[in-house]
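Participant: Okay, handing you the structure first.
The values are calculated or read from the model by the stated rules, or taken from the named source; none is laboratory data. All values derive from a computational prediction rather than experimental measurement. Glycine gets a Cβ as well: all are built from the backbone with ideal geometry, and neighbour counts include every protein chain shown. For the accessible areas, the whole protein counts, side chains as well, though only heavy atoms, and no ligand, DNA or RNA atoms are used. Shrake-Rupley method; radii C 1.70, N 1.55, O 1.52, S 1.80 Å.
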Amino acid sequence: MITLPNCLLLSALLFATGVFGVVARRNALIVLMSVELMLNGVNVAFVAFARFYPGGAGAPAGHVFVLLTMAVAAAEAAVGLAIVLAWFRNRKTTDTDEMRTMRW
Amino acid sequence: MPVTAHDVLLLSPFLAILGAAALAVAADLFIGRLERAALPFLSVAGLGAAAMAFVNLWGRNEEAFAGAIRTDDLSIVLGLTAVGATAISVLMSATYVRPAAVDFGEFYGLMLTACAGAVLLAQANDLMMVFLGIEILSISIYCLTGITRDREKSAEAAMKYFIMGAFSTGFLLFGFAFLYGAAASQPASPGALSSACLRLDSLAAIPADNPLLLAGLALFLVGFSFKLGAVPFHAWTPDAYEGAPAPVTGFMSAVVKAGAVGALLRAATIAFPHLAYEWGTLLALLAAATMIVGNLFALAQTNLKRLLAYSSIGHTGYILVGVATSALASDGAGRLQPESLTAVVFYVAAYAVTTVGSFGIISLLSRPGAELEDVSHFAGLASRRPLAAAAMTLFMASLAGIPPTAGFIGKFLIFKEAVSSPETLWLALIGIATSMLSAYYYLKIVVAMYMRAPEKGEEFGLTSERWGAGFALALSAAGTVLLGVVPMRLIEWSAAAIRELGHLL
């Protein structure tokens, strides 16, 4: 059944998967993908609200927000990959546990 | 909804900065390595144009783009703070980025886009613009943090900052989705645009017990605490500050605060005045933790950039004290106490002018491959570089809150309001205690400069183009003293900016 609570559940699951990936995985590229997953979870929530509250004022604004989020997420991913690459060239690894030149 | 000339006029400072950024990047394609020395001046010219545009818009307090942005006095005071801090940082960075061979147009372009992001954030009047402002600001600063990409520390700092920043953006955006859902579930007013439910002021009309609104507010606060570096979301701050090139560090500590505080104040007064008690209590707890953790960890540091990073966390705590006070001293019916918000605006400006100066000294004395980092590197600086040592002493005094400096007035204003309301007395006491504690580590630097003999082989000197940096340092020092000696003008401007927001006692 495609209802608002179900859509929000899907969104929360996607978001939580992303959070888990960022917190638990050690490969920088997986972390990057997990961040994208979080943002996609958010997108589902936006679209769901826009779809299920058509009586309110909100419909197109939520869709537009999703498009904006996608564009920004693409920019963020590009910068993120560049940063991972710069770090990889220094350390020859993508294991985030190796990020320990600086602590405390 | 066509774009009118009025819309463009109200957005003109942002456009001027973006234009200068595009010019700096494009010009780099056509000029040689030597002519790159002109890029800082091109950037400063763009920032000057933005500043003039801001001054031109003072007192108008109008909305543009169907209410998506609002150019009011708050955005002008904080926007000018960001523009000024950027100009000073740009002038100071030349001595650092040239020897490091990262003085290409993109460096200045990124500084300008970050500044444009902060300006947009201070002007943002709906959720979309807040998000856009934060992302323009953050993405530019991720790049700037890692711009000396052959330095392992720089790359690592960029990695950490990026991961934590993107992670926090996810939370913030999830909060925005909930806020949007809460607004969209309300009955629409006839004839209203669809985007009206993204506006910050539409959130104030939602009943305070709406669960989506409460969840959205909580995630909003988490996201902003990350950006401002408030405990317990501060873990990225010391690493990002240490790894970033010195001129970038000062820049980001000042500009991020100016933009984020602008959005926070606007959200507090326009979007969530009816939830003041809830977010006020949360912010008070965050503020207490932030002041204590920031200042205690700073005590143990010998690395100067990390020390100043923890000090910046402490200062975030003082800023949050002001915001929390305005909520806890509110009348409970959605009207906030204005004087402490005025103090917050003043504090941000005072902190910005001081912090870009202190990091300016560090960048002035650093060379590529030989960052001036340890407190011991400052030993005997007074005998070799008396002016730099005197300026650093002034900045440390301002950060510690010793009169007659900007930092003293800022702290005085914030604590005066916090003391006068019984709900926040405890916050003020923690603040005063931690800021007395902080004098120890700031004075440690002064003692090293004036009372220690220089260490052998640690000759931190300077290369070329000092006069641009010297001018910027002089500006920063003058600002620190002027705001301390004649603060009334800025206090009046800040008060005018806050008064105009509404929902006040």
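Participant: How large is the accessible surface per residue of region B:385-505, computed with a 1.4 Å probe and reported in Å² as a whole number?
Facilitator: That works out to 49 Å² per residue.
Participant: Once the dipole of region A:4-93 is set up with Lys and Arg at +1 and Asp and Glu at -1 on Cβ about the Cα centre, which of A:L13, A:N90, A:M70 lies farthest towards its positive end?
Facilitator: The Cα lying farthest towards the positive end belongs to A:N90.
Participant: Quick one: Debye curve from the alpha-carbon atoms of the protein assembly as shown only, equal weights, vacuum; give me log10 I(q)/I(0) at q = 0.05, 0.06, 0.08 Å⁻¹ to two decimals.
Facilitator: Evaluating at q = 0.05, 0.06, 0.08 Å⁻¹ gives log10 I(q)/I(0) of -0.19, -0.28, -0.51.
Participant: Now a separate question. Could you calculate, for region B:184-224, the ratio of the Cα radius of gyration to the Kirkwood radius, expressed as Rg to Rh?
Facilitator: 1.00
Participant: Starting from the Cα gyration tensor of region A:4-93, take the square roots of the eigenvalues, sort them a ≥ b ≥ c, and report rounded, prolate or oblate (rounded when a/c is under 1.5, otherwise prolate if a/b is larger than b/c, else oblate).
Facilitator: Note, shape of region A:4-93 comes out oblate.
Participant: Apply the Karplus curve 6.51 cos²θ - 1.76 cosθ + 1.60, θ = phi - 60°, to the phi angles in region B:116-127 and return the couplings in whole Hz, x for Gly and Pro.
Facilitator: 4, x, 5, 5, 5, 5, 6, 8, 4, 10, 9, 4
Participant: Place a +1 charge on the Cβ of each Lys and Arg in region A:4-93 and a -1 charge on the Cβ of each Asp and Glu, then give the dipole magnitude about the Cα centre in debye, rounded to the nearest 20.
Facilitator: 420
Participant: May I ask you to derive the relative contact order of region B:282-331, considering only C-alpha pairs under 8 Å and at least 6 residues apart, and to give it as an integer percent?
Facilitator: 48
Participant: At 0.36 nm per residue, and after removing the present C-alpha to C-alpha distance, how many nm does the segment from B:M52 to B:H6 gain when stretched out fully?
Facilitator: So the chain would gain 14.9 nm between B:M52 and B:H6.
Participant: I've got another one for you. Over region A:4-93, what is the mean sequence separation of C-alpha contacts under 8 Å (at least six apart), divided by residue count, expressed as relative contact order in percent?
Facilitator: So the answer I get is 27 percent.
Participant: Which ³J(HN,Hα) values, rounded to whole Hz and listed in residue order, are derived for region B:268-280 from phi using the Karplus coefficients 6.51, -1.76 and 1.60 in 6.51 cos²θ - 1.76 cosθ + 1.60 with θ = phi - 60°, glycine and proline given as x?
Facilitator: 4, 7, 9, 8, 10, x, 6, 10, 4, 5, 5, 6, x
Participant: Defining a contact as two alpha carbons under 8 Å apart and six or more residues distant in sequence, what relative contact order in percent does chain B show?
Facilitator: 17
Participant: Same structure again: Going toward the positive end of the dipole of chain B, with +1 on Lys and Arg Cβ and -1 on Asp and Glu Cβ, which of B:W58, B:M488, B:L112 do you reach last?
Facilitator: Final value for the positive-end residue is B:M488.
Participant: Name the residue farthest towards the positive end of the dipole of chain B from the options B:V348, B:M451, B:L23, assuming +1 on Cβ of Lys and Arg, -1 on Cβ of Asp and Glu, about the Cα centre.
Facilitator: Farthest towards the positive end: B:M451.
Participant: Percent of alpha carbon pairs in chain B separated by more than 31 Å?
Facilitator: Across chain B, Cα pairs with separations above 31 Å total 39 percent.
Participant: Return the sequence-ordered ³J(HN,Hα) values of region B:316-321 in whole Hz as given by the Karplus equation 6.51 cos²θ - 1.76 cosθ + 1.60 applied to θ = phi - 60°, using x for Gly and Pro.
Facilitator: 4, x, 5, 4, 5, 4
Participant: Sticking with this structure for a sec: Can you give the FRET efficiency for B:A192 and B:M451, using 1/(1 + (r/R0)^6), R0 = 51 Å, r = Cβ-Cβ distance, to the nearest 0.05?
Facilitator: Efficiency, from the Cβ-Cβ distance: 0.15.
Participant: So what's region B:154-207 giving for Cα Rg divided by 2.2 N^0.38 Å, two decimals?
Facilitator: Compared with the compact-globule rule of thumb, region B:154-207 sits at 1.65.
Participant: Any idea what angle helix B:12-30 forms with the longest principal axis of chain B, computed on alpha-carbon atoms, 0 to 90 degrees, nearest 10?
Facilitator: For helix B:12-30, the angle is close to 40 degrees.
Participant: Moving to a separate point now. On a 0 to 90 degree scale, rounded to 10, what angle separates helix B:466-485 from the longest Cα axis of chain B?
Facilitator: 50
Participant: Quick one: compute a quarter of the convex hull surface over the Cα atoms of region B:1-66 and quote it in nm².
Facilitator: That works out to 5.2 nm², a quarter of the Cα hull's surface.
Participant: Which residues' amide hydrogens lie under 5 Å from the amide hydrogen of B:R367, considering only partners 5 or more residues apart or on another chain, with H built in the peptide plane?
Facilitator: The answer is B:L372.
Participant: When the gyration tensor of region B:197-262 is built from Cα positions, what are the square roots of 5 times its three eigenvalues, in whole Å, from largest to smallest?
Facilitator: Calculated on Cα positions only, the semi-axes equal 32, 14, 6 Å.
Participant: Of A:K92/B:K160; B:K160/B:K411; B:K257/B:K411, which ones are farther than 27 Å apart at the Cα?
Facilitator: As for pairs spanning more than 27 Å Cα to Cα, those are B:K160/B:K411.
Participant: Three principal axis extents, largest first, for the C-alpha atoms of region B:75-189, in Å?
Facilitator: Principal extents (Cα only, largest first): 60, 31, 17 Å.
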